[in-house]
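Q: Handing you this structure, nothing more for now.
The values are calculated or read from the model by the stated rules, or taken from the named source; none is laboratory data. Because the structure is a prediction, the values reported are computed rather than measured. Backbone-built Cβ (ideal geometry, glycine too); neighbour counts: all protein chains shown. Just so you know, the surface numbers come from the protein's heavy atoms only, side chains and all, with ligands and any DNA or RNA stripped out. Shrake-Rupley method; radii C 1.70, N 1.55, O 1.52, S 1.80 Å.
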Amino acid sequence: MKKERSYGAVVYRYEGKERLYLIENMRLGHVSLPKGHIEAGETPLQCTLREIKEETNLDVNVDMSFSHTITYSPSSDVSKDVTFFVAEALSEDLIPQPEEVSSLVWAPFEKAYKMLTFDTDKETLKDADTYLTQHA
């Protein structure tokens, strides 16, 4: 079985006192969090920053004190580990990556949670929200 590794983040920003999360509507039809494959020679942090920039155009501050890893099989011969961190948006000019992302949405926790397609992403968002609430 082939092993793949990806990194990403639960990206957030504040609007007043309300924390909003970045949700990606993907061209393949699902709703997800920013993430992508690590490239040769990259660190997990470099991969996370690059993928977020490519998919959203955002600059972010990544907090690696939080990490949540999910494992799934995108096909029968592949096992994929994805580690998510949390990242605060430092810029606001959202531009979806045309090849992969159809639209980007900022949403409060409850709405973001309901929008996500996969239970693993919902669990990641929930854990990140708990972490951010405890460390605010």
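Q: Do we have Glu4 as open to solvent by 20 Å² or more (accessible area, probe 1.4 Å), within 20 Å of Thr124 (Cα to Cα) and in a strand (DSSP E or B) here?
A: Working: open to solvent by 20 Å² or more (accessible area, probe 1.4 Å): yes; within 20 Å of Thr124 (Cα to Cα): yes; in a strand (DSSP E or B): yes.
For Glu4, the condition - open to solvent by 20 Å² or more (accessible area, probe 1.4 Å), within 20 Å of Thr124 (Cα to Cα) and in a strand (DSSP E or B) - is met.
Q: With the condition kept exactly as written, say whether any residue in region 107-123 is closer than 18 Å to Gly29 by Cα, of a type in the set (A, V, I, L, M, F, W, C) and in contact with a Phe, Trp or Tyr (Cβ under 6 Å, 6 or more places away or on another chain).
A: Yes: region 107-123 contains one or more residues that are closer than 18 Å to Gly29 by Cα, of a type in the set (A, V, I, L, M, F, W, C) and in contact with a Phe, Trp or Tyr (Cβ under 6 Å, 6 or more places away or on another chain).
Q: Return yes when Leu116 is in contact with a Lys or Arg (Cβ under 7 Å, 6 or more places away or on another chain) and of a type in the set (A, V, I, L, M, F, W, C) and no when it is not.
A: In short, yes.
Q: Would you point out which residue out of Glu24, Glu4 is over 18 Å from Ile95 (Cβ atoms), of a type in the set (Asp, Glu), in contact (Cβ under 8 Å) with a residue 60 or more places away in the chain and in contact with a strand residue (DSSP E or B) (Cβ under 6 Å, 6 or more places away or on another chain)?
A: Glu4
Q: Of all residues in region 110-136, count the ones that are part of a loop (DSSP other than H, G, I, E, B) and either open to solvent by less than 50 Å² (accessible area, probe 1.4 Å) or closer than 18 Å to Met64 by Cβ (or both).
A: The qualifying residues number 3.
Q: Looking at Val11, Val60, Val31, can you tell me which residue is farther than 20 Å from Ser102 by Cβ, within 14 Å of the chain's Cα centre (by Cα) and not basic (Lys, Arg)?
A: None of the others qualify; the one that does is Val60.
Q: Among the strands (runs of 3 or more DSSP E) lying completely within region 30-109, list those that include at least 1 residues that are β-branched (Val, Ile, Thr) and either open to solvent by less than 40 Å² (accessible area, probe 1.4 Å) or modelled with pLDDT of 95 or more (or both). Before you say what the answer is, go through the steps one by one.
A: On the way: elements: 35-37, 60-75, 78-89, 101-108.
Answer list for region 30-109: 60-75, 78-89, 101-108.
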